[in-house]
Amino acid sequence: MSSRDPGQIYAEASALQRANRAAEAEPLYRRILELDPNHVGALHMLGVLELQRGLAQQAAELIGRAVTLDDRSVPRHFNLALALYQLDRFDEAIAACRAALRLKADFAPALYTMALSLKDLGRLDEAIAAYQAAQSHAPNLAEAHYGEGFARLMKGDFAAGWRKFEWRRHIFPQRTNYPQPQWTGQDIGGRTLLIHGEQGQGDNIHFLRYAPLAAERGAKVIVETYASLVPLMRSLPGVERVIGFGDPAPRFDFHCPAMSLPALFGPAIPSAAYLSADPARTQAWRERLAALPGRKIGIAWRGNPEQSENKRRSLSAGQMAACFAGGTAVPVCLQKDRTAEELAAFGPLIDAAPDLADFAETAALIGALDLVLTVDTAVCHLAGALGAPVWTLLSFAPDWRWQEKREDSPWYPSMRLFRQARPGEWGPAIDKVRAALNA
């Protein structure tokens, strides 16, 4: 094979990529572009490899060049849309999806990606229509059904939203498949119900508020959750037993995923404080912090790095520190996975994280604080569930539970929300927090 024949090199690279040998294909694509900088196929496929590595900016540049040279390809327009979406360039992602759909009107992945972009721009009615269009061409596309539920819940349309939300179980499988029947709302008096948490720790805190309602219907309730949450969840009213994931479960008659409970109890949100801390541990924290001047404010600036939206929802330590500039409040670090470099961004600070063995201890500390300031992570749910004052910084396109444009939360009456006004721009929201702290 002549190394100067881009067509033959491209055929070899494409075969390697189809065989999942991307590391061998990449240098061949780069060689092609040395010989022919306008080789559309090499530009596109190298862009796809960059996208798969999480290098969205490089992918957008490469695939964008390919589209400029030849705009007659559905995959090129679609992969460009994926790269643009990852860069939060939502309007451009929508345009790329529309270009793909002009070539193939029933291409459900483009309809779905367009719906995601519309949702993240806050254009929820248009997003719902796009999700439904994707479903019409791909009835079993679980992401499109779940996405519609997400958008409806964000709008406050709980009746329809919870029904569609059940499609999450095709995307986020349960940890355990139980042989017992799932509870679907029938009379459960005198029967034992296992309620098992789903997804992240914050989601467990959020949805296990419904467990006491099952107890009120006469069920003997067992809760299954993260080991780190077990001591805290023992404070749930009416719950007979709390076990960790993987622990042997006692005998039970029915099970129910925690996120399926809202659909069974109706649209009213049980929003009063439903968790409590150990008073003795809270008093110990009060005594430890008593000598500090000024208000004591617990802080958490980033969430679980494995969560898909973590990059958007998290702050840097420096950005969180900027909230305290010019004030007298004392930050108290609740961030478990912090680094010495991050702590140094704050100047004076109480690093409580090493003493927070589990969420019950964090709850006790929160009871001794004047305020919690956090991004959308488990700490905000914990503070809200305790009824403690909590300020939550939200990205422009946050999770559905924070709904649209609100500065308060129907889930947590003690919470105040500070939202980005534009995607990725934390500055104005931080300014508002700082002004509120110094008021």
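The values are calculated or read from the model by the stated rules, or taken from the named source; none is laboratory data. Everything numeric in this text was worked out from a predicted model, so none of it was measured. Glycine also receives a Cβ, built like all others from the backbone with ideal geometry; neighbour counts cover every protein chain displayed.
Observations on the structure shown:
- Identification of helices (runs of 4 or more DSSP H) wholly contained in the range 270-344 with 3 or more residues that are of a type outside the set (Asp, Glu) and closer than 16 Å to Gly367 by Cα yields 279-289.
- Extreme residue, surrounded by the most Cβ atoms within 10 Å (Cβ to Cβ), among residues of the range 55-83 that are outside any helix (DSSP H, G or I) and either touching a residue at least 12 places away in the same chain (Cβ under 8 Å) or not assigned by TED's automatic domain parsing to the domain that holds Asp106 (or both): Ser73
- Subset tally (residues that are surrounded by 21 or more Cβ atoms within 10 Å (Cβ to Cβ), free of Cβ contacts under 8 Å to residues at least 40 places away in the same chain and over 24 Å from the mean Cα position of the chain (by Cα)) for the range 316-330: 0
- Odd one out for Ala439, checked against (1) within 21 Å of the chain's Cα centre (by Cα); (2) modelled with pLDDT under 95: (1)
- Some residue of the range 350-359 being closer than 15 Å to Thr282 by Cβ, out of contact with any strand residue (DSSP E or B) (no Cβ under 6 Å at 6 or more places or on another chain), among the aliphatic types (A, V, I, L, M) and in contact (Cβ under 8 Å) with a residue 12 or more places away in the chain: yes
- Contact map, the range 206-218: first residue more than 17 Å from Ser276 (Cβ to Cβ) and without any contact (Cβ under 8 Å) to a residue 60 or more places away in the chain, second residue in a helix (DSSP H, G or I) and of a type outside the set (Val, Ile, Thr), Cβ cut-off under 8 Å, separation 6 or more or different chains; pairs are Phe207/Ala258; Phe207/Met259; Phe207/Leu261; Phe207/Pro262; Leu213/Leu261; Leu213/Phe265; Ala214/Leu261.
- Taken over the range 390-427, the criterion of being under 18 Å from the mean Cα position of the chain (by Cα) and either small (Gly, Ala, Ser) or assigned to a helix (DSSP H, G or I) (or both) is satisfied by Ser395, Ala397, Trp400, Arg401, Trp402, Ser409, Gly424.
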